[in-house]
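Just so you know, all these numbers are worked out from the coordinates, no wet-lab data involved. Please read these numbers as outputs of a predicted model, since none were measured by experiment. With ideal geometry, Cβ positions are generated from the backbone for all residues, glycine too; neighbour counts draw on all protein chains shown.
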Amino acid sequence: MSTVAESLKEFYELEVTPSSIGILYLGYSGLLLRTVNYTLAFDVDELIPRTYVKNIEKLDLLLFTHGHYDHFEERVSIELHKLTGAKVMCEESVYNRLKDKVPDSHLIKATAGVVTSIDGVSVEVIRGRHVGPIVLYLVELDEVRIFHGGDSDYVPLYPRRADIAIVPTGAPSPTASPDSAYRTVVDLRPSVVIPVHGKESQHRKLESKLKKHYPEVKVQLVEPFKPLLISLGEHR
């Protein structure tokens, strides 16, 4: 069995509880996330090779922040939808590429400033700052609020709150940085921060700054295809 297949199997076997979530980081800003009742995917691109799409056991919602090469790949996205029946929410350029390839009933255009309820999952769409259009997501499901920042520069988010903030720290993004990620965390005041889309040195810079100024915030560093169960109880 391959490492990718094993990782996906372990991810679905994580014993998620109301006070924890399961994470499988894929690379860049791509990840799978599980709560008690839902499985979401963000910006999966082709980080899950097409050979292993069949190993996705459950997926309720697939979200894309924008259409850049390291965030979205059309064929993988269509195959994930066909395999799982997941609904797909995406920035307008991605929506236009998937229109007529994913049924209208399962394809949702992410419009900044709009809050949408999708089968019990609340999704607020926020306009980000990047080279070209990008949207950010604040998702609430199973009483957990999760922010995903794509690879955007800082945009004002206060007074919104998140339990978990998935924030980009830099490379290869021309807009994300540790300082922008830090400002995002200050606005959202999360219990757990997951740095993505950056070099380890950029993740560490964010971690160091938060440890100094907000030691109560847990910074959870993640590695690709290493499933992780994150406890929320002691940090919320």
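General remarks:
- Protection proxy ranking, peptides 191-198, 163-170, average beta carbon neighbours within 10 Å, highest first: 163-170, 191-198
- Packing-based ranking, highest mean first, of 90-101, 172-183, 33-44, 211-222 given that Cβ atoms within 10 Å are counted: 33-44, 172-183, 90-101, 211-222
- Two-site label geometry, THR17 and LYS58: point separation in nm, points 7 Å out along Cα→Cβ: 1.8 nm
- DSSP bridge analysis restricted to the range 3-231 gives an antiparallel fraction near 55%, rounded to the nearest 5.
- In this rough spin-label picture, where each label sits 7 Å from Cα along the Cβ direction, the VAL36-LEU83 distance is 2.8 nm.
- Under the criterion of Cα pairs below 8 Å and six or more residues apart, the relative contact order for the chain equals 18 percent.
- Out-of-range pairs (alpha-carbon distance over 27 Å; input LYS82/LYS109; LYS87/LYS205; LYS58/LYS205; LYS101/LYS199; LYS82/LYS218; LYS54/LYS87): LYS87/LYS205; LYS58/LYS205; LYS101/LYS199; LYS82/LYS218
- Theoretical FRET efficiency, 1/(1+(r/R0)^6), r = Cβ-Cβ of LYS211 and GLU143, R0 22 Å, to 0.05: 0.20
- Net charge contributed by nearby residues that have their C-beta within less than 11 Å of LEU107 (K/R +1, D/E -1): +3
- Fraction of alpha-carbon pairs over 22 Å apart in the chain - percent: 48 percent
- Spin-label model distance (nm) - ASP179 vs ALA112, 7 Å beyond Cα toward Cβ: 2.2 nm
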